[in-house]
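For reference, the structure discussed in these notes is given below.
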Amino acid sequence: MRLLIIGQQSSELSKAAQIAVNHGAKVSIADSLDSALSALRKGKGADLVMIDISFDIASFISSLDNERIVLPVVACGIAADAQNAVEAIKAGAKEFVPLPPDADLICAILEAVVEENSNLLAIDPAMKKVIALADQIAPSEASVMITGPSGVGKEVIAKYLHQKSNRADKPFISINCAAIPENLLESELFGHEKGAFTGAVTRRIGKFEEAEGGTLLLDEISEMDVRLQAKLLRVLQERVVDRVGGSKSIPVNIRVLATSNRNLEEAVNTGTFREDLLFRLNVVNLNIPPLHKRPMDILHLAHHFADKYAKLNACPVRPLSKQAQSTIVSFSWPGNVRELENTIHRAVLLSTGDVIEEDAIRLPDGAAFKPSHAGSYEPSSQQIGDSEESSIFIGKTVAAVERDLIINTLDHCFGNRTHAANILGISIRTLRNKLKQYTDDGLHVPPPGDVRAFGSGAS
């Protein structure tokens with residue numbers, strides 16, 4: 001656990017630092033926003049930031065977003081300064097900690113961060129087999145390819161591997177290859193020197209160097225451009241990186257994990273993924289089954305999420321009624337654990353009685369869940385129509401049907417790109433490329449919607 005404290009040296013902040021150290025955290029202190037950002041750029045990473053409320057928290061969080069540095073921020077300050085606390089939360093801080101610090105509160109926050117990074121829950125035999133294999137290979141140095149459909153928890157398994165490895169006391173760094181624009185991904189991975197390109201105003205090390213001694217997760221690696229795959233292959237073979245604009249190679253000592261929700265063998269056959277890179281990464285494969293193939297986990301996870309989100313939202317902790325449990329078990333969960341988590345979060349907020357009833361188990365648009373066979377939705381007649389209505393597809397090209405499906409799904413999700421991509425079973429990058437193509441063709445594309453309407457997700 002790495003904690004970065006941003007603030008001027010004071011007795012209150014020193015006490016907070018000491019509490020964190022006593023709880024096993026590695027603490028570093030920066031006295032300004034510039035020095036904090038400089039440390040993060042140089043790879044002196046953190047799992048959590050505590051920042052004095054007197055600093056410009058909105059500006060700091062904006063800088064993190066602009067530089068694609070993802071980590072939770074907690075504001076701290078004197079308890080009486082309520083307005084600043086409210087402003088800090090509005091600016092993006094996850095929590096406010098009053099000073100002088102309460103030891104139990106500091107410990108609770110640290111434990112929450114650790115739990116969020118290591119929460120692996122499974123009781124179904126199908127998932128237990130995956131965990132047993134993960135336990136067996138975790139101490140090795142082998143690269144691991146983690147596969148499975150979107151939302152099953154591939155990143156959770158990756159973190160589990162790291163925590164069980166001999167590198168557990170070193171950094172775990174994750175980068176989503178699908179979420180970063182193609183022209184910036186090389187710099188994010190390998191770093192860049194000052195002046196290497198327009199906007200490179202200072203040197204910044206990449207994720208490979210930031211993960212030194214630890215583990216690097218290449219999330220959704222199937223979305224990486226083939227040209228960049230060649231440079232990645234060299235890094236994996238030679239264990240050195242070349243910063244963009246740099247003149248010398250830098251040795252790195254890391255373990256590489258990768259995830260994909262696509263069939264990479266098919267991607268090799270179509271020429272979108274290098275076969276030699278697949279061989280290099282796929283020393284061991286952990287294939288995570290979809291949620292409908294591990295039914296014992298469905299209720300186990302549902303109970304966990306019900307407790308978690310009741311406490312998070314200061315709601316009463318309510319059990320799931322028998323009818324609600326039946327509805328949950330009978331659904332196929334095409335969005336897997338991510339969809340289940342969002343559904344239970346929504347149900348916690350919608351419930352008013354002593355238990356979570358069946359009518360609180362709803363889709364994002366408020367529609368009731370329909371029982372479905374494992375592996376697919378069972379649409380109602382209103383959703384698909386009868387056989388006569390299905391004939392509307394006759395005479396249309398595949399491209400036209402695909403276009404209509406994407407646009408209609410996006411409308412259904414109120415413009416939420418991430419949720420639409422999950423439903424369609426494609427990557428967010430593929431969806432964006434399709435939408436750009438439609439826009440270039442002069443078609444109307446629904447504007448981006450509010451992601452908050454669909455809750456938080458899991459990898």
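The values are calculated or read from the model by the stated rules, or taken from the named source; none is laboratory data. This structure is a prediction, so every number in the text was calculated from the model and none was measured. Cβ sites come from the backbone with ideal geometry, for glycine too, and all protein chains shown count toward neighbours.
Just a few scattered comments:
- Screening the candidates 356, 344, 394, 361 for the property of being at pLDDT below 85 and either not polar (S, T, N, Q) or not assigned by TED's automatic domain parsing to the domain that holds residue 222 (or both) yields one hit, 394.
- Against the conditions (1) at pLDDT 80 or above; (2) in a loop (DSSP other than H, G, I, E, B), residue 378 satisfies every one except (1).
- Failed condition for residue 272, given (1) within 21 Å of the chain's Cα centre (by Cα); (2) assigned to a loop (DSSP other than H, G, I, E, B): (1)
- A search for C-beta distances below 7 Å between a residue of segment 273-284 that is within 14 Å of residue 234 (Cβ to Cβ) and any residue that is in a loop (DSSP other than H, G, I, E, B), counting only pairs 6+ apart in sequence or on different chains, returns 280/143; 281/143.
Here is a yes/no grid of residues against (1) assigned to a loop (DSSP other than H, G, I, E, B); (2) modelled with pLDDT under 90; (3) closer than 29 Å to residue 130 by Cα:
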site	(1), (2), (3)
305	no, no, yes
311	no, yes, no
315	yes, yes, no
352	yes, yes, no
365	yes, yes, no
370	yes, yes, no
374	yes, yes, yes
400	no, yes, no
404	no, yes, no
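- Residues being closer than 22 Å to residue 339 by Cβ and either modelled with pLDDT under 95 or surrounded by fewer than 17 Cβ atoms within 10 Å (Cβ to Cβ) (or both) - total across segment 267-287: 1
- Pairs with Cβ under 8 Å, 6+ apart, first in segment 163-192 and among the hydroxyl-bearing types (Ser, Thr, Tyr), second surrounded by fewer than 22 Cβ atoms within 10 Å (Cβ to Cβ) and modelled with pLDDT under 90: 187/196; 187/197; 187/200; 187/244
- Whichever residue in segment 251-269 is small (Gly, Ala, Ser) and more than 29 Å from residue 331 (Cα to Cα) and, among such residues, is nearest to the chain's Cα centre (by Cα): 258
- Scanning segment 319-350 for residues that are assigned to a loop (DSSP other than H, G, I, E, B) and within 20 Å of residue 121 (Cα to Cα) yields 319, 331, 332, 333, 334, 335.
- Residue 249 farther than 20 Å from residue 66 by Cα, free of Cβ contacts under 8 Å to residues at least 60 places away in the same chain and polar (S, T, N, Q): yes
- The set of residues from segment 156-173 being buried (at least 20 other Cβ atoms within 10 Å of the Cβ) and closer than 14 Å to residue 256 by Cβ comprises 158, 161, 162, 165, 167, 171, 172, 173.
- Taking segment 116-205 and the helices (runs of 4 or more DSSP H) fully enclosed by it, the elements with 1 or more residues that are of a type outside the set (A, V, I, L, M) and under 24 Å from residue 46 (Cβ atoms) are at 154-164, 182-190.
- Scan of segment 209-261 for residues that are among the β-branched types (Val, Ile, Thr), surrounded by fewer than 20 Cβ atoms within 10 Å (Cβ to Cβ) and closer than 30 Å to residue 425 by Cα, ordered by number: 226
- Single unsatisfied condition, residue 104 versus (1) farther than 18 Å from residue 228 by Cα; (2) within 21 Å of the chain's Cα centre (by Cα): (2)
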